[in-house]
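Single-structure report; data block below.
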Amino acid sequence: MTEVPTSAPRRAAPSAGGDPALEIAGRAFESRLIVGTGKYRTNAEMVDAIRASGAEMVTVAVRRVDLDRSQEEGILHHLDPGEFFLLPNTAGCYSAADAVRYARLGRAAGLNDWVKLEVIGDEATLLPDTSATLEAARTLVDEGFKVLAYTNDDLVMAMRLEDAGCAAVMPLASPIGSGLGVVNPFYIREIKRRLSVPVIVDAGVGTASDACVTMEQGVDGILMNTAIAAADDPIGMATAMRLAVRAGRAAYLAGRMPSREIAVPSSPVSGMLGQ
Amino acid sequence: MSEFPMTAVEGPGPVGVVVNGLDREVPAGLTAAGLLDHLGLHPGMVVVELNREIVRRDDLGSVRVEPGDRIELVHFVGGG
C-alpha cells in the first residue's frame, strides 16, 4: 500500500481559542481572504462582491488620472478606506525601478506604507521577475515599506524575500488570471513550512475548490481578483470563496486522514451474518 | 513666475507643460494645487509627481509649476 501525501501534515492542535487571526506586520485580519478590485463590470458590483467575500484588505492599482474623464473616477470615490484596508500594488511594472516608483506613489496616495510588490518578467505568462522583485523589496524595506511580495512558487526566492525583510511572501498558485488553481502544492507547502513570515498564495485560483485546496496546504491566506470579478455572478462567487477559504483552513487545522491508493472499509469486518 | 506674483490668475499667457505624457498649456504661475483646481481634480484623491519627485500634500499650495515641467497625476484604480 502506498501512502500519497496530498496535503500538509497535521500541525499542532490549535489553541483553545481556535484559529488565531492572520497577522501581517503586526496588524491582525480576521479574514484570510484578500481580494483585488480590478475587472468588475461596475463599481457597485465590486463593492458588493468585496463585502460578500468578507475580505478586510483589498488591493488597488496606481494609474494616471484620465484628464478627459472618459473613464470612471478614482476608486476612492467608491471604496471607503475606513471600511477596507487598502493595499496598493505595483502591477504592470517590469523593472525594480518602476516598481519602487509606483510603490512610492501608492504610499503618497494612500493611508499606509504597505505595498503589494509585483515585478513582471514575462508578458505572455505574467510570471514574476524574481531578481528584480528582490532588488525592489530591499529598497522598499529600507524606505520603511511593509512589503508583501508576489513571487514564484520558488522556495529559495521566498527565503531570500523573507531575509530581505518582507512582511509577507506571496507565491503564485498559477499564472495571474489563469484560474488553473495550485499547480504545485508541494512547493507551496514547502514554502509555508520553511518561512516564518505569513505566506499568502497570490494569483491563479479559479473557483472555490481551488481556494479550499490552497488553504488545505496550510498557507496563511489567499489573494485573488479575477476568480471573483470574472465569475458570472461575482457576488455569489465572493460568497463561495469566503466559505471555501474558511473550509480549507478548518480542514487544514483538523488534520486530514492519510490518502491511500487502496480501499479501507469504514464498517466493521467482523460480526457479519453467517460467520 | 516670481516676475508676476500678483497675476497668477490672469497670467502672462499659458505655459507649456507635459501632463500625464501629453503636452498641455496651463496658466502661468500656477501652484500644484492650482493646477489640480484648473483641471478640476480633488487634491485629496490625486498624487502629483513633478519631474519625478512626489509633491507632498502639504506642499501642493507652495510648489509652483514651471514651463517644461513633466507632471504625473495619478490615483487609485481597480487592480489585483
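Structure notes:
- For the range A:193-275, radius of gyration divided by Kirkwood radius, i.e. Rg to Rh on alpha-carbons: 1.21
- Kirkwood Rh and Cα Rg combined as Rg over Rh, evaluated for the range A:118-275: 1.12
- GNM remark for chain A: springs join alpha carbons under 10 Å apart, and the peak mean-square fluctuation among A:ALA49, A:ALA254, A:ALA168 falls on A:ALA254.
- For chain B, calculated [θ]222 nm from helices alone, where every DSSP H run of n ≥ 4 adds -39500 (n - 2.57): -2000 deg cm²/dmol
- For the range B:14-74, convex hull of alpha carbons as volume per residue, Å³: 67
- Computed from label points 7 Å out along Cα-Cβ, the spacing between A:ASN112 and A:ILE262 is 5.1 nm.
- Given R0 = 22 Å, the distance between the Cβ atoms of A:ALA254 and A:GLU30 translates into a calculated FRET efficiency of 0.70.
- Entry note: chain A has Rg to Rh equal to 1.03, where both radii use alpha-carbon atoms and Rh is the Kirkwood radius.
- Ellipsoid fit via the Cα gyration tensor, the range A:144-234: semi-axes of 23, 14, 10 Å, each the root of five times an eigenvalue, largest first.
- A full extension of the chain between A:GLN275 and A:ALA44 corresponds to an added length of 76.4 nm, given 0.36 nm per residue minus the alpha carbon distance.
- The gain in end-to-end length when the A:ALA247 to A:HIS77 segment is fully stretched comes to 57.8 nm, 0.36 nm per residue minus the alpha carbon separation.
- Partner aspartates and glutamates for A:LYS192 [C-alpha distance under 20 Å; skip if fewer than 8 residues away on the same chain]: A:ASP19, A:GLU23, A:GLU30, A:GLU118, A:ASP153, A:ASP154, A:GLU162, A:ASP163, A:ASP202, A:ASP210, A:GLU216, A:ASP220
- With helices as the sole contributors, chain A gives -10000 deg cm²/dmol at 222 nm; each DSSP H run of n ≥ 4 counts as -39500 (n - 2.57), and the sum is divided by every residue.
Any read-out appearing in this document is the output of simple, stated calculations on the displayed coordinates, not a laboratory observation. Given the structure is predicted, the values throughout are model-derived calculations rather than measurements. Note that each Cβ is placed from the backbone with ideal geometry, even for glycine, and that neighbours are counted across all protein chains shown.
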